[in-house]
Ligand code: ADP
Ligand code: MG
């Protein structure tokens, strides 16, 4: 049922109830009014009749000023002819209560013996209520007047009993209310039929009213429908200030907001979609293997590069715990997981992975945690880069630079060895001649031999290819070795090394020979930057978490535009330079999870700062 019809029905029902109530109240009010009027009439009649009856009964020769009273019987008749509904009027002298003297009183009326005790003086008393009349009379003598409704011969009557104690008289009047009631009934019926006749008109008016009331609601409903189907453009016309006007205003505001938000949402969705496509494309086309696994190591997602690199197809991989980490790397892997679960961020790790066919290969792995919106880790995403080729390349470059360094060093070394050798030869010749062993000479010879031994062994370490093995070493000792190795060459160039080392151990996890190569490269650059000689300061300090090594020269410096290029291969300003030294040094420092920074001012000098993670 539509709201309009419902509203019409409600309005019509309200009108009908109102109409019915009006009829009932009207009817009741008219009856009450009628009764009151009749009672007043009775009261007046009784007063007048009793007064005249009393005057009549007064003994002759009363007060002169009394006008002779009218005949009560005639008066009664006159009243009855004047008021057709007054059926009878009776004037009594009530019997004395318990008084035997008045027992001789004439019986009032033929059938009234049980009803009223007393003498009927005037009028008639034919209509009586069974059982109550004498009580009413007694009551009227006490309190003045008593009314009682009766039904007699199909008529509705009202009987009034009035007592006048000062004259000892009582008046009883019976009036017929039926004709008046009939009129009231007629009026009521007339009203009802008029209501019934007007009902269709009322319904029609209500329908129109409902239509007018609902029209703005219908417009709003239409707008809401539009909004629901995603059209926000046409606002509702607001031409009222009432609730529907306010509603329309709010709906307009809501539609506007919705429009803005929908546009924003659409934009965000589009951005999301294109971002997703972007990411998908990157994931699909990168040569790095990407895989996502849950916290139990079960694979959730892999990309094509993963399939290629590891030899497992996507179907084989998803939902499984693949043995891509060899036993040797297991411990490190578990430690990495724990660190991630503890909320740490991990740098790229150089490690080993296993293919489906069991072969192992060198990789660089970056693993990061994927968290849900509450920050709880749900999965791990790993990017694996095959480092076999890069490492090979690095190794080749390192070797090339090393050969170069070795070649250059050879001259210095040869020079350095020739000096002690000359000393040794001199002493040996001396002994050959004297045939005596001088203890002091032997000490000098032994120390010269030690020096030769040190230089040659350092030289050999550098020249020999070594297996990469990280050990915990004190940087101060490594620097000391390198300084001894380069001392002779520095000497040739008039250069002095000044060292300032921390008194505490400066231990780092490192590949000793690689670190030596870094220090040699940096020191060689410093030496080469000071053709006129001078001082090179070498510092090693322990700081919280880090060992900081500073190598400062006072040489020619590096032009500003060249500094960012350092670290690219073959960037050199020297005729016989390779431009590989800094690049290799940086690689080595990176593989030690450290950093290397070069600051320089042309004409003033260069400072190279190397930070390496300290071992506690
Ligand atoms: P090479 O020494 O073979 O030229 P490097 O990679 O060791 O290659 O150095 C690259 C360049 O950086 C050098 O050619 C030089 O111009 C500059 N450089 C490096 N260290 C210093 C330094 N301490 N003082 C001045 N210039 C330097
Ligand atoms: Mg160099």
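Out of the residues in the stretch 569-579 that are closer than 25 Å to residue 535 by Cα and loosely packed, with under 14 Cβ neighbours inside 10 Å, which is nearest to ligand 2 (Cβ to nearest atom)?
Selected residue: 574.
Taking the stated definitions as given, is residue 598 in contact with a helix residue (DSSP H, G or I) (Cβ under 7 Å, 6 or more places away or on another chain) and modelled with pLDDT of 85 or more?
Criteria met by residue 598.
Taking the stretch 345-382, which residues are more than 13 Å from residue 332 (Cβ to Cβ), touching a residue at least 24 places away in the same chain (Cβ under 8 Å) and either outside the structural domain of residue 297 (by TED's automatic domain parsing) or over 44 Å from the mean Cα position of the chain (by Cα) (or both)?
Of everything in the stretch 345-382, those that are more than 13 Å from residue 332 (Cβ to Cβ), touching a residue at least 24 places away in the same chain (Cβ under 8 Å) and either outside the structural domain of residue 297 (by TED's automatic domain parsing) or over 44 Å from the mean Cα position of the chain (by Cα) (or both) turn out to be 354, 355, 356, 357, 360, 361, 362.
Exactly one of these conditions fails for residue 566: (1) buried (at least 17 other Cβ atoms within 10 Å of the Cβ); (2) touching a residue at least 40 places away in the same chain (Cβ under 8 Å). Give me its number.
Failed condition: (2).
Restricting the search to the stretch 456-478, which residues are at pLDDT 60 or above and within 24 Å of residue 500 (Cβ to Cβ)?
Passing the criteria: 472, 473, 474, 475, 476, 477, 478.
Report, by residue number, each residue of the stretch 515-533 that is surrounded by fewer than 20 Cβ atoms within 10 Å (Cβ to Cβ) and more than 12 Å from ligand 1 (Cβ to nearest atom).
Across the stretch 515-533, the qualifying residues are 532, 533.
On the given criteria, is residue 149 surrounded by fewer than 16 Cβ atoms within 10 Å (Cβ to Cβ) and part of a strand (DSSP E or B)?
yes
How many residues does the stretch 534-577 hold that are touching a strand residue (DSSP E or B) at 6+ places or on another chain (Cβ under 9 Å), more than 10 Å from ligand 1 (Cβ to nearest atom) and not in a loop (DSSP other than H, G, I, E, B)?
Qualifying residue count, the stretch 534-577: 15.
For the stretch 217-243, what are the residues that are assigned to a helix (DSSP H, G or I) and farther than 28 Å from residue 263 by Cα?
243
For residue 587, which of the numbered conditions (1) within 20 Å of residue 477 (Cβ to Cβ); (2) in contact with a helix residue (DSSP H, G or I) (Cβ under 8 Å, 6 or more places away or on another chain); (3) more than 9 Å from ligand 1 (Cβ to nearest atom) fails to hold?
Only one criterion in (1) within 20 Å of residue 477 (Cβ to Cβ); (2) in contact with a helix residue (DSSP H, G or I) (Cβ under 8 Å, 6 or more places away or on another chain); (3) more than 9 Å from ligand 1 (Cβ to nearest atom) is unmet by residue 587, namely (1).
Since residue 582 meets every condition but one in (1) within 6 Å of ligand 1 (Cβ to nearest atom); (2) farther than 30 Å from residue 545 by Cα, which condition does it not meet?
(2)
For the stretch 312-345, how many residues are at pLDDT below 90, in contact with a strand residue (DSSP E or B) (Cβ under 6 Å, 6 or more places away or on another chain) and assigned to a loop (DSSP other than H, G, I, E, B)?
0
Condition first: within 59 Å of the chain's Cα centre (by Cα) and within 16 Å of ligand 2 (Cβ to nearest atom). Can you find one or more residues in the stretch 538-556 that meet it?
yes
If a residue has to be surrounded by fewer than 17 Cβ atoms within 10 Å (Cβ to Cβ) and either within 12 Å of ligand 2 (Cβ to nearest atom) or more than 29 Å from residue 509 (Cβ to Cβ) (or both) to count, how many in the stretch 580-602 make the cut?
Going through the stretch 580-602 one residue at a time, the tally reaches 2.
I want to confirm something. Restricting to the stretch 507-533 and keeping residues that are within 16 Å of ligand 2 (Cβ to nearest atom) and assigned to a loop (DSSP other than H, G, I, E, B), which single residue is farthest from residue 473 (Cα to Cα)?
531
The values are calculated or read from the model by the stated rules, or taken from the named source; none is laboratory data. All values reported here derive from a predicted model rather than from experimental measurement. Using ideal geometry, Cβ is built from the backbone for each residue, glycine included, and neighbour counts are taken over all protein chains shown.
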